[in-house]
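Contents: one structure, followed by commentary.
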Amino acid sequence: SKPTLAVVGATGAVGTVMLELLSTRQDVWGEIRLIASPRSAGRKLKVRGEEVEVIALSERAFDGVQVAMFDVPDEVSAEWAPIAAAKGAVVVDNSGAFRMDPDVPLVVPEINPEAARHRPKGIIANPNCTTLSMIVAVGALHRVFELESLVVASYQAASGAGQAGIETLYDQIAKVAGNREIGTRAGDVRQVIGDDLGPFPAPLALNVVPWAGSLRENGWTSEEMKVRNESRKILGLPNLAVSATCVRVPVVTTHSLVVHARFARRVDLAQVREILRDSPGLLLYDEPERLEFPTPADVVGTDPTWVGRLRVALDDPHALDMFVCGDNLRKGAALNTAQIAELVAAELTPQG
Ligand code: 11C
């Protein structure tokens, strides 16, 4: 029989996309149980065309569950993922709570699917959306050219900060809309938007904000450290040199990154194109003569990582510059989690 799946955090920004995905992907699940905070319990949500009542997070909610996806804040995962695992569920956790735990694999199915099988804690971690938005492309190129260093800048969407981020951006856009003078004098955007900045440290409408996450040592942010640490772990390159600058932009959903990747081998652009065209999870969209390149407006709602603006660095034949976009709620979160859960489901229900 098909395994029972629990979706913890079913009502959040990622949870909402997860229910959409579960309704359209190949149906490998028996019961799908929706779990959320007591505040959301009793709500009915649609999955696979049926209304399902959300139940409150509790130990008993995991009775009979074989796979549990967690799309909740770090502290909720830290407390509840081990409880679900102790009850026998394989947990696929999308928070930051366990990603760097040496006993928890950090999995991207296109890159390191085999890692999912070794999970001594019964927990598999899903990477951060910014890492995920570039790593499928970088990983495919690493296989051939051997990655040595990454210098990246992110252009992150508001929905990376959850439903509150989305609401904040729409509210701010409404406040500045129609005013054809705003954005011409220092401080005028702040004045119109007022004090309610939501989860962002500066106005996001008509602006870019060089900050995501919280402050870590020496001026680096948590998000920048995640890009570095998680890339190293997923690629199995503990000494990979990584410098990331994470920036929030007024886009609702889809993270973009400018990537400068340096390899041990000389980069051959024709071969790069071939790799990006033929590897799973990637869409090569790079026709500069026709002004064709990925932008979040075209990428949102799609599954692959889109890659364009491919250039061999002018001053370094071992380095490649490119622009990548990935839907941060799909591949960046719900889709990768679903793909990992499907790997586990395939283990639990052997074919033939
Ligand atoms: C953002 N990437 O865009 C963050 C959100 O570690 O899962 C996801 C945080 C995480 O703000």
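For the chain, what does -39500 (n - 2.57) per DSSP helix run (n ≥ 4), summed and divided by total residues, give at 222 nm, in deg cm²/dmol to the nearest 500?
-9000 deg cm²/dmol
Which lysines have a Cα less than 24 Å from the Cα of Lys46, not counting those fewer than 8 places away in the same chain?
Correct list for Lys46: Lys2, Lys331.
Once the Cβ-Cβ distance between Ala270 and Ser243 is put in as r, and R0 is 35 Å, what FRET efficiency do you end up with, to the nearest 0.05?
The formula returns an efficiency of 0.80 here.
Does the stretch 233-288 classify as rounded, prolate or oblate by the C-alpha gyration tensor (a ≥ b ≥ c root eigenvalues; a/c under 1.5 gives rounded; else a/b over b/c gives prolate, otherwise oblate)?
Verdict is oblate for the stretch 233-288.
Sequence gap at least 6, Cα distance under 8 Å: using those rules, report the relative contact order of the chain to the nearest whole percent.
19
Taking the Cα of Ala297, stepping 7 Å toward and past its beta carbon, and measuring to each backbone N in the stretch 249-275: which are under 20 Å?
The answer is 249-258, whose backbone nitrogens lie closer than 20 Å to the label point.
For the stretch 76-151, restrict the atom set to alpha-carbon positions and state the Rg and Dmax in Å.
13.8, 43
Considering only C-alpha atoms, what is the centroid distance from the stretch 13-40 to the stretch 180-213, in Å?
34
Could you give the nm distance between label points at Met100 and Tyr170, where each point is 7 Å from its Cα heading toward the beta carbon?
3.5
Just to check, using Stokes-Einstein with a Kirkwood Rh over alpha carbon pairs, what's the diffusion coefficient of the stretch 138-229 at 37 °C and 0.692 mPa s in µm²/s?
212
Take the Cα gyration tensor of the stretch 1-118, multiply each eigenvalue by 5, square-root it, and list the three semi-axes largest first, rounded to whole angstrom.
Over the Cα atoms of the stretch 1-118, the semi-axes work out to 22, 17, 14 Å.
So, in Å, what gap is there between the alpha-carbon centers of the stretch 289-352 and the stretch 236-268?
First find each Cα centre; the distance between them is then 12 Å.
For Glu53 and Gln26 in the same chain, what is the full-extension length gain: residue separation times 0.36 nm, less their Cα-Cα distance, in nm?
Length gained between Glu53 and Gln26: 7.5 nm.
Over all directions, what mean area does the Cα convex hull of the stretch 168-314 project, stated in square nanometres?
12.3
Direction-averaged shadow area of the convex hull around the Cα atoms of the stretch 46-178, nm²?
12.3
Whole percent per 5 Å bin, from 0 to the bin with the longest distance: what is P(r) over all C-alpha pairs of the stretch 156-195?
With a bin width of 5 Å, the distribution comes to 6, 24, 25, 20, 18, 7, 0.
Give the calculated FRET efficiency between Arg185 and Arg216 to the nearest 0.05, with a Förster radius of 56 Å applied to their Cβ-Cβ distance.
0.95
What FRET efficiency would be calculated for the residue pair Ala86, Ala153, taking the C-beta separation as r and a Förster radius of 41 Å, to the nearest 0.05?
Efficiency, rounded to the nearest 0.05: 0.50.
With both partners inside the chain, how many of the DSSP beta bridges are antiparallel, as a percent to the nearest 5?
DSSP beta bridges in the chain are roughly 50 percent antiparallel.
Please pull out the direction-averaged projected area of the stretch 250-317, using the convex hull of its alpha-carbon atoms, in nm² to one decimal place.
Its average projected convex-hull area is 5.6 nm².
Only Cα pairs within less than 10 Å get springs; with that Gaussian network setup on the chain, which residue of Pro294, Pro304, Pro120 has the largest fluctuation?
Between Pro294, Pro304, Pro120, it is Pro120 that shows the largest mean-square fluctuation.
Kindly give the semi-axes, whole Å and largest first, of the ellipsoid equivalent to the chain, taking each as the square root of 5 times a Cα gyration tensor eigenvalue.
Gyration-tensor ellipsoid for the chain: 32, 27, 18 Å.
Measure off 7 Å from each Cα along the Cα-to-Cβ vector at Arg143 and Glu79, then give the distance between these two points in nanometres to one decimal.
Reported label-point gap for Arg143 and Glu79 is 4.2 nm.
Any read-out appearing in this document is the output of simple, stated calculations on the displayed coordinates, not a laboratory observation. For clarity, every value in this text was computed on a predicted model and none was experimentally measured. As a convention, Cβ positions derive from the backbone with ideal geometry for all residues, glycine included, and neighbour counts pool all protein chains shown.
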